[in-house]
Amino acid sequence: PPSLHAEELSMTDFVLGTVCTVRLMEGGSKATLDEAFSRLRTIEDRMSANRDDSDISQVNVMAGKKPVKVSEDTFYVISKALEYARLTNGAFDPSVGPLVKLWNIGSGDEKVPPTEKIMAAKALVDWRQIVLDTTTRTVFLKKPGMALDLGAIAKGYAADEIEKILLNHKVKSAVIDLGGNVFVFGSKKDKSSWRIGIQNPESERGEYLGIVSAGQMTVVTSGVYERYFIENGKRYHHIMSTQTGFPVDNDLISVSIVSKSSIDADALSTALFVLGIEKGMEFLKQFPDTYAIFIDKDHNVYLSPGAGKVFTLQDKSYRYAEKCYC
Ligand code: FAD
Ligand code: MG
């Protein structure tokens, strides 16, 4: 059950496959928190790929058979995900489901699947075979065996939805943390900037590599360090290359995005991880007021133009890369 910490008016619960916390610093009430968590549970019920009765599972079961009517929420998130698939030419692809299921990373019982299975799953990943009909609000996957997975974007949507609830409840100041996907809302009582730590990918939780400091914003990180397994000394993480069918194999360990919109930050953190530094920096140019912080295996930190205004490096074992994109 969710735990309510009365003294600071915050609530924590396990939703969306992770630990979620909403802290009200000024304004709002227990009813605000109840509404926020009930919204999170609704989003999970509709968008989980692991629940038989979710919109997503029903669309997946009907792949190759017929279109399925989904909730407005789900339709919106799939549309957004398709927009990113189009923009990234499929580097970000919400039809990655067959690969996610096959690799099953995070289950605690993983091994590298046989090559034939990887190739077969990869062949089913193709965002161009997703058909959305706005008039009937239906989703159709053209090939049997295709499957949607919104794991790279739905938490971002959820944070934006909580923002709306906080606005409705006239909250002045709050922090939303959906498993490290952080959204700071409003302004602090003393009017100082919010500070959000970016986790050091190679140390225990709680240690920061650097700090992002600004007004209302969201900071979302995609990395190789939370959902992964090691086989024969090689790390296999959960961000998939739709080109190879294997986890993306570049030198990155994490990509953090700073933005006003959490759904975009979530999609972008995954998309830029897949695209890598060069293409990712180029891609980001079309998003105003959005910053990226890339970290590679050699502890180099790469900032997108303007990111230096909000990010400060703290951990001395990391350094700014020689190549500057500013
Ligand atoms: P991100 O980088 O934002 O996303 C990575 C995830 O996106 C991968 O885990 C995969 O799902 C997907 N993905 C991988 N490659 C690509 C690609 N190239 N393009 C697009 N997407 C890609 N976890 C559980 O263990 N059990 C659950 O029951 C569960 N239910 C969930 C229900 C919902 C509605 C959501 C949103 C998440 C749920 N999760 C669950 C967590 C989920 O499985 C992912 O691990 C999580 O969303 C990853 O988020 P991230 O921010 O760490 O990484
Ligand atoms: Mg993401």
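Data overview
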quantity	calculated
Accessible area of the range 1-110 belonging to carbon and sulfur atoms, whole % at 1.4 Å probe	48
Computed FRET value (nearest 0.05) for K69 with S203, which takes r as the C-beta separation and R₀ as 45 Å	0.45
Charge dipole (debye, nearest 20) of the chain; +1 at Cβ of Lys and Arg, -1 at Cβ of Asp and Glu	540
Student exercise, the range 202-326 dipole from Lys, Arg, Asp, Glu Cβ charges, in Debye to nearest 20	160
Per-residue SASA entry for E278, accessible area with 1.4 Å probe, Å² rounded to 10	100
Listed residues G245, G210, G108, most fluctuating in the chain (Gaussian network, C-alpha, under 10 Å)	G108
Rounded accessible area per residue of the range 207-326, 1.4 Å, Å²	45
FRET efficiency, 1/(1 + (r/R0)^6) with R0 45 Å, evaluated for V61 and S193 via beta carbons	0.40
K234-S107 pseudo-label distance in nm [points 7 Å out on the Cα-to-Cβ vector]	2.0
T312-S213 pseudo-label distance in nm [points 7 Å out on the Cα-to-Cβ vector]	0.3
Protein accessible area in the range 160-227, 1.4 Å probe - carbon and sulfur %	45
More than 24 Å apart - percent of Cα-Cα pairs taken over the chain	55
For the range 85-156 and the range 24-57, distance of Cα centres in Å	23
Highest-fluctuation residue, T242, T270, T135 considered, GNM on the chain with Cα pairs under 10 Å	T135
Overall Cα dimensions of the range 1-107, principal axis frame, Å, largest first	51, 29, 26
Cβ-defined net charge surrounding E231, 11 Å radius [Lys, Arg +1; Asp, Glu -1]	+2
Accessible surface, per residue, of the range 61-101 when the full set of protein chains is kept, probe 1.4 Å, Å²	43
As computed over the range 265-314, the Cα convex hull volume per residue (Å³)	83
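The values are calculated or read from the model by the stated rules, or taken from the named source; none is laboratory data. Values in this document were obtained by computation on a predicted structure and should not be read as measured data. Positions of Cβ are backbone-derived with ideal geometry, glycine not excepted, and every protein chain shown enters the neighbour counts. Remember, those area values only see protein heavy atoms, side chains included, never the ligands or the DNA or RNA. Shrake-Rupley method; radii C 1.70, N 1.55, O 1.52, S 1.80 Å.
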